[in-house]
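Here's the structure, in structure tokens; my notes come after.
The values are calculated or read from the model by the stated rules, or taken from the named source; none is laboratory data. None of the values given here were measured: they were computed from a predicted structure. As a convention, Cβ positions derive from the backbone with ideal geometry for all residues, glycine included, and neighbour counts pool all protein chains shown.
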Amino acid sequence: MNEKEKTPYVVTSKSYTAVAINAASKAGEWIKSRLGTIGEPGTKYSPQDLVTEVDKGAEQMIRRLILTHFPDHVILGEEGVEPGPEASAKALKEAQEEEFLWIVDPVDGTTNFVHGFPFYSVSIALAHHGQVIVGVIYDPSRDELFVAEKGKGAYVHGNRMAVSDEQGLGQSLVAVGFPADTTYALPVNMAAVQALAPQVRSLRAGGSAALHLAYVAAGRLSAYTEVGLKPWDIAAGALLVEESGGKVTDTIGTPYQLSVSHVVATNGKIHDALTDVLKEAKATGME
């Protein structure tokens, strides 16, 4: 480990990153304080797509904290967009031309939160002319804050992160997901699970895309893939992975951009092997 890697990362000004950290940590603390107080959750796109008053309240809190500092910036938040993939794509198309666009998932892993399963997070990204320049993911259950600035590396607990070193699928721990879209995305993801399971060391499905990406960045997972995600699921985590030395593309290997909804994020070394498995299994969602 060189000196640069040992140096803790400190935010010194009211920068974009500082505001993102403040919003994520304050919202995360409030979300955790509401654990166990939720009545019957509502549903959005499908019976598996849950929403609670905590999601809505956390997004409002994050919006206020951001707009206090940057009143002319635009915010694309999960709870401000109509449910379903078409509405998400339309909202992103309208917003991504903005100079500064904040992309917010107030509770990524709502189903986990509702059940008291401690794997959910707050995800906040800032894009400048469509390029993500800040990514912050906060895990209230473990009090872990993952932070990345474009070109400046990615950090957890103030320490520089680096992706894992697995060279082949056989040594790799890979995360997958089971999305709320049971008609289209779920069968495709199940095909991916079936194809990957015999080839990797093991599979995991934690239920928070943002935390899966943060874990790839931190070297805790070798890779993560899922079809049927939204911009706010991926934006912050994609920057974390890239700034940790990993690779993020769509499921056929095209470099990540905000419109990607079928994602592969890896340590870089197993990337081509993983996308090859998905292509062979017709599990890319792009056929």
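Quick look at the numbers
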{"read-out": "Looking only at the range 220-248, and only at residues there that are in contact with an Asp or Glu (Cβ under 8 Å, 6 or more places away or on another chain) and in a loop (DSSP other than H, G, I, E, B), the one that is farthest from Val263 (Cα to Cα)", "value": "Ser222"}
{"read-out": "Residues being loosely packed, with under 14 Cβ neighbours inside 10 Å and either more than 30 Å from Thr183 (Cβ to Cβ) or among the aliphatic types (A, V, I, L, M) (or both) - total across the range 70-86", "value": "2"}
{"read-out": "Val134 within 15 Å of the chain's Cα centre (by Cα) and either basic (Lys, Arg) or surrounded by fewer than 24 Cβ atoms within 10 Å (Cβ to Cβ) (or both)", "value": "no"}
{"read-out": "Hits in the range 61-105 (condition: at pLDDT below 85 and among the aliphatic types (A, V, I, L, M))", "value": "Val81, Ala87"}
{"read-out": "Leu203 vs. criteria surrounded by fewer than 18 Cβ atoms within 10 Å (Cβ to Cβ), closer than 20 Å to Asp233 by Cβ and in the same structural domain as Gln257 (by TED's automatic domain parsing)", "value": "yes"}
{"read-out": "Within the range 87-98, considering residues that are under 18 Å from Arg63 (Cβ atoms) and among the charged types (D, E, K, R), the one surrounded by the fewest Cβ atoms within 10 Å (Cβ to Cβ)", "value": "Glu94"}
{"read-out": "Search result, residues across the range 144-165 that are in a loop (DSSP other than H, G, I, E, B), touching a Leu at 6+ places or on another chain (Cβ under 8 Å) and surrounded by 14 or more Cβ atoms within 10 Å (Cβ to Cβ)", "value": "Lys150, Met161, Ser164"}
{"read-out": "Selection from the range 77-112 of residues that are part of a strand (DSSP E or B) and among the β-branched types (Val, Ile, Thr)", "value": "Ile103, Val104, Val107"}
{"read-out": "Residue within the range 206-216 that is surrounded by fewer than 23 Cβ atoms within 10 Å (Cβ to Cβ), in contact (Cβ under 8 Å) with a residue 40 or more places away in the chain, touching a Gly at 6+ places or on another chain (Cβ under 6 Å) and closer than 19 Å to Asp108 by Cβ present", "value": "yes"}
{"read-out": "Selected residue (criterion: surrounded by the fewest Cβ atoms within 10 Å (Cβ to Cβ)) from residues of the range 166-180 that are at pLDDT below 95 and closer than 18 Å to Ala195 by Cα", "value": "Phe178"}
{"read-out": "Candidates His129, His115, His157 - the one that is more than 16 Å from the chain's Cα centre (by Cα) and closer than 20 Å to Ser259 by Cα", "value": "His129"}
{"read-out": "Complete set of residues in the range 263-274 that are surrounded by fewer than 22 Cβ atoms within 10 Å (Cβ to Cβ) and either without any contact (Cβ under 8 Å) to a residue 12 or more places away in the chain or closer than 16 Å to Ala238 by Cβ (or both)", "value": "Gly268, His271"}
